[in-house]
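Beneath this line is the structure, given in C-alpha cells, with notes to follow.
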Amino acid sequence: MAIASDQALRLDQQICFPLYAASNLMTRLYRPLLAELGLTYPQYLVMMVLWETSPIQMGELSQRLYLDSGTLTPLLKRLAAAGYLIRTRDAGDERRVLLTLTPAGLVLKQRARSVPAALASQFEGDPEQVSAFRGALQHLTRDLADKVAALSE
C-alpha cells in the first residue's frame, strides 16, 4: 500500500532520518571516549581497520569505510602527523598508497580497548537484538553501496 503523497513527506515516515539521527547520537556518545585518545570518530574508524589489517591499500580502506579518497586523505594526513601511521607508495604500483601502523599506532590500540565496553555501558539492550540489528544494518549498508555503485557506472 503506497503512502499518500503528503504522508510520504512526513519526517516520521522516512527511513533515512532515524538512521541519520541514530548515527549522529552514537557519534556524540563516542566523542568523550575518543577525546581521551585524541581521535575523532572517523579517525577511530580508520584506526580500527588498521588494527585489523596493516599494511592496507588506501583503496581497500576506502571500500571498507565507504569513504572516498577526498575524505580519507585529510584524516590520514592527521593520523600520520600524530605518528600513528605511515603512508607510502606501493613499490609495485606507484598509484597505490599503502598505510602501515607505527609502534605508536599499536600502543593506541591498547589504549582504545576500553572504548567498546565503555560505549556499551551507556545504553541498554538485549545483546541478541543488538547483534541482529547490527546484521540488518550491515545488510542495508551493502545493499545501498551496491545501488550507489550502480548509479556511478
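Here are a few things to note about the model shown:
- Cβ-Cβ FRET estimate between THR73 and GLU52, R0 fixed at 22 Å, reported to 0.05: 0.60
- Of the DSSP H helices in the chain, those whose Cα atoms cover at least 24 Å axially and whose Kyte score averages 0.5 or more: 16-35
- Computed extension length for LEU9-ALA145: 46.6 nm, one decimal, from 0.36 nm per residue of separation with the Cα-Cα distance subtracted.
- Once the chain from CYS16 to GLN129 is taken as fully extended at 0.36 nm per residue, the excess over their C-alpha distance is 38.6 nm.
- A straight line joining the Cα centroids of segment 86-117 and segment 49-84 runs 8 Å.
- Packing-based exposure ordering (other Cβ within 10 Å, fewest first) of LEU37, LEU140, LEU108: LEU140, LEU37, LEU108
- Full extension of the segment from GLU94 to GLN63, taken as 0.36 nm per residue of separation minus the current Cα-Cα distance, would add 9.2 nm.
Read the figures in this text as sums done on the coordinates, not as results from a lab. Remember, predicted model here, so these are calculated numbers, not experimental data. Don't worry about glycine lacking a Cβ; one is built from the backbone with ideal geometry, like all the others, and counts go over all protein chains shown.
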